[in-house]
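Below you'll find the structure, written out as structure tokens, and then a few comments.
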Amino acid sequence: MKSPFMRMKVLRFVAEQGVVRVSDVMDYFRRWDSEHAVRVMMNELGIRHQQYGDFKYGIWFIDDKKIFELLKPYYKDIPDFKVRGTSLLTKVAHSLGINHIRIILENSEKIRVVKWWSEEYLRALPPFRRDGISMHKIPDAIFWHLRKDGSKQKFFLEYERSLKAPKRYAAIFQFYDKRHDVKNNNVIYICETDSIKVKLEKTENELTKGGKIKGSGLNFKFVTLDEFNKAYSVTQKKGETK
């Protein structure tokens with residue numbers, strides 16, 4: 001049986017990510033050989049389970065505020081997560097893609113992530129703790145990398161499965177361009193396809209030419225999901241959908 005603190009780590013991961021699969025929990029923590037043990041634990045914690053498409057064991061999310069309260073004795077600074085329930089189901093594929101990215105980054109030997117603020121975490125923070133992040137322009141995640149000299153480098157993460165309207169990108173790029181903590185390509189766009197990457201690079205160039213942002217190649221880094229996977233030595237599991 002896993003310790004109470006291990007159970008709370010699992011619960012926190014689900015709270016932060018919004019929607020998870022059993023395989024996400026296993027891949028993130030790398031502590032279990034049995035999928036059954038993970039399913040039993042999540043059931044005991046009261047995490048809701050729902051069949052979804054052809055995903056093995058379906059998807060899991062929290063739809064009872066009392067379950068979030070279980071985290072408070074273990075994590076004193078944790079925010080008050082909001083129950084979003086079925087509203088999370090409108091973007092399952094996107095959420096699972098973010099899970100994949102987080103799992104790769106936090107288990108990678110090429111980067112040391114010491115703090116991760118997911119979209120759900122950011123939504124739960126009071127305004128004064130969001131450091132200027134608007135509820136209308138919440139990144140998919142903010143994370144910090146620990147450098148060899150002991151300093152921390154901040155990154156903003158956006159995962160693009162499909163293209164937004166051009167006006168939305170203009171507003172988002174300008175929002176980031178004006179931030180004091182955006183520099184040295186620390187806004188990372190991970191694009192599902194090469195065509196999305198090309199479109200975003202073109203948008204950045206057009207905004208630069210129009211004087212809407214400071215310049216190209218300063219704040220934003222665009223990579224495809226495949227490039228990201230290869231860079232961090234990722235082997236995608238057969239049959240998994242992002």
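The values are calculated or read from the model by the stated rules, or taken from the named source; none is laboratory data. Please read these numbers as outputs of a predicted model, since none were measured by experiment. Positions of Cβ are backbone-derived with ideal geometry, glycine not excepted, and every protein chain shown enters the neighbour counts. SASA here: full protein model, heavy atoms, side chains in, ligands and nucleic acids out. Shrake-Rupley method; radii C 1.70, N 1.55, O 1.52, S 1.80 Å.
I need the peptides 11-18, 75-82 ranked by packing, meaning the mean over residues of other C-beta atoms within 10 angstrom, with the highest value on top. Could the numbers behind the result be given before it?
Values: 11-18: 22.4, 75-82: 13.1.
For the peptides 11-18, 75-82, the packing ranking is 11-18, 75-82.
What is the angle, in °, between the Cα long axis of helix 92-107 and the longest principal axis of the Cα atoms in the chain? Nearest 10 is fine, range 0 to 90.
Tilt relative to the chain: about 90 degrees.
Which value, in Å², gives the accessible area per residue of the chain when a 1.4 Å probe is used on the protein heavy atoms? Display every interim value, and only then the final one.
Values: 12630 Å² over 242 residues.
That works out to 52 Å² per residue.
What is the packing order of peptides 224-232, 27-35, taking the mean over residues of other C-beta atoms within 10 Å and listing the highest first? Please list the in-between numbers first.
Working: 224-232: 16.1, 27-35: 13.2.
Ranking, from highest mean packing down: 224-232, 27-35.
Going by the alpha-carbon gyration tensor, a ≥ b ≥ c the square roots of its eigenvalues, is the stretch 77-125 rounded (a/c under 1.5) or, if a/c is not under 1.5, prolate (a/b greater than b/c) versus oblate? Kindly include the intermediate steps, with their values, before the conclusion.
On the way: a/c = 4.07, a/b = 1.38, b/c = 2.95.
The shape class here is oblate.
Where a Cα-Cα gap under 17 Å defines reach, which aspartates and glutamates qualify for LYS82, not counting those fewer than 8 residues away within the same chain?
In chain and number order, the partners are GLU16, ASP63, ASP64, GLU69, GLU119, GLU120, ASP140.
Highest first, please rank the peptides 64-70, 159-165 by the mean number of other Cβ atoms sitting within 10 Å of their residues. Display every interim value, and only then the final one.
On the way: 64-70: 13.7, 159-165: 15.3.
Those peptides, ordered most packed to least, come out 159-165, 64-70.
(i) 1, 6, 11, 13, 12, 9, 7, 5, 4, 3, 3, 4, 4, 5, 5, 4, 3, 2, 0, 0, 0; (ii) 1, 6, 14, 19, 22, 19, 12, 5, 1, 0; (iii) 1, 6, 13, 17, 19, 17, 13, 8, 4, 2, 0, 0: which one is P(r) over Cα pairs in 5 Å bins from 0, in percent as calculated from this entry?
Checking each listed value against the structure points to (iii).
Once neighbouring chains are kept in place and the probe is 1.4 Å, which whole percent of the accessible area of the stretch 21-140 is contributed by carbon and sulfur?
On the way: 2990 of 6140 Å².
Carbon plus sulfur share of accessible area: 49 percent.
Please find the FRET efficiency linking LYS66 to ASN43, where r is the Cβ-Cβ separation and R0 is fixed at 25 Å, and quote it to the nearest 0.05. Each step should come with its number before you reach the end.
Values: r = 16 Å, r/R0 = 0.63.
Computed FRET efficiency for LYS66 and ASN43: 0.95.
Residues of the stretch 189-204 with amide nitrogen under 18 Å from the 7 Å Cα-to-Cβ point of LYS214?
Under 18 Å, as judged by backbone N against the label point of LYS214, lie 189, 204 of the stretch 189-204.
Taking the alpha-carbon distance from LYS202 and a cut-off under 27 Å, which lysines remain once sequence neighbours fewer than 8 residues away in the same chain are dropped?
Here the lysines satisfying the reach criterion relative to LYS202 are LYS91, LYS137, LYS154, LYS164, LYS167, LYS178, LYS183, LYS212, LYS214, LYS221, LYS230, LYS242.
What is the helix-to-structure angle for 4-17, meaning the angle in degrees between its Cα long axis and the longest Cα principal axis of the chain, kept from 0 to 90 and rounded to the nearest 10?
It is inclined by approximately 40 degrees.
Hey, what angle do you get for helix 35-45 against the long axis of the chain, alpha-carbon based, 0 to 90 degrees rounded to 10?
Its long axis makes an angle of about 90 degrees.
What residues of the stretch 1-30 lie in the reach of a label at GLN50, counting those whose backbone N is under 16 Å from a point 7 Å from the Cα along Cα→Cβ?
Once the point is set 7 Å along Cα→Cβ of GLN50, 15, 17-22 turn out to lie under 16 Å by backbone N, inside the stretch 1-30.
Can you give the FRET efficiency to the nearest 0.05 for LEU89 and GLU227, using r as the Cβ-Cβ distance and R₀ = 30 Å?
Details: r = 29 Å, r/R0 = 0.98.
Calculated transfer efficiency: 0.55.
How big is D, in µm² s⁻¹, for the stretch 122-242 by Stokes-Einstein at 10 °C and 1.306 mPa s if Rh is the Kirkwood radius over C-alpha pairs?
Working: Rh = 15.7 Å.
The calculation lands on 101 µm²/s.
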